[in-house]
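The values are calculated or read from the model by the stated rules, or taken from the named source; none is laboratory data. None of the values given here were measured: they were computed from a predicted structure. Cβ atoms come from the backbone with ideal geometry, glycine included; neighbour counts cover every protein chain shown.
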Amino acid sequence: MAKDIAAAVREICLWFSETTEVLAHGSPDFRARGKTFATYVVNHHGDGRLALWLAAPPGSQQHYSEDESEHYFVPPYVGPRGWLGVHLNRGLDWQQIALRVREAYVMVAPKKLAAELSKQPVIKPPTKTIDPEVFDPMVSKRAKEVLGPLRKFCLALPEANESTTFGDPTFRAGKKSFVSAYHHEGRLNLSFWVGADMQAMLTFEKRYRIPAYMGHNGWIALDVQDRIDWKEVQELAMVSYRHFALQRMLRALD
């Protein structure tokens, strides 16, 4: 059977003694007795990378990221701790990838487990890459069905523009975001500012939830994976737009 990159990553990382896979912040973490030595990251915040973030021996990060920058990079968050990012789809030999993973395992595993290692895994390279919709869910048929009409409505508002936030489409009133689209646990969501009172009322419906990070500021998330009421979406978008728009934009709107 054809093996994709995700399967190859699991084959390598779970080859080592007493390793487990845990989903953390939406990405698979591979751990040796509870300590993470590798994280498989797909298009993190829209960075366009298919990669492993690995614990690395001292000096490795600088050496590889500078001398072989086509294959290695300094990853976010864990980079300041010396971790190394490895591109998985840019032609790096998979035995080299396996060697980097072995080094990462040795860095965090208990000394007894690390001492028992006598070899590194031998792996056949994957023959498949990754489903484009897994790499970027916004290219899916459903996302396109929603984003087309949403974009038409939002960009018709005075001084509205489109940008991206962490790789996801965001519509702004001037410089302030008022609608964003993103996937949560594999489902397409739209988020709007509605204020605390409306937020509390809407959460009685299971299609709505208070999103992480922004929820305490009065934002609400609406699940539109299965169905969408465009009148409802437009009303929510207008509430959010009016909240952030400048007076001249509101005058132009009215």
Among residues belonging to segment 68-89 that are over 19 Å from residue 24 (Cα atoms) and of a type in the set (Phe, Trp, Tyr), point out the one that is surrounded by the fewest Cβ atoms within 10 Å (Cβ to Cβ).
73
Residues that are among the hydroxyl-bearing types (Ser, Thr, Tyr) and either in contact with a strand residue (DSSP E or B) (Cβ under 9 Å, 6 or more places away or on another chain) or in contact (Cβ under 8 Å) with a residue 40 or more places away in the chain (or both): find the strands (runs of 3 or more DSSP E) completely inside segment 1-103 holding 2 or more of those.
19-24, 35-42
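Of the residues 65, 17, which single one is of a type outside the set (Lys, Arg), at pLDDT 95 or above and either within 27 Å of residue 184 (Cβ to Cβ) or surrounded by 13 or more Cβ atoms within 10 Å (Cβ to Cβ) (or both)?
Answer to the selection: 65.
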Tally, over segment 20-33, of residues that are at pLDDT 95 or above and not basic (Lys, Arg)
7
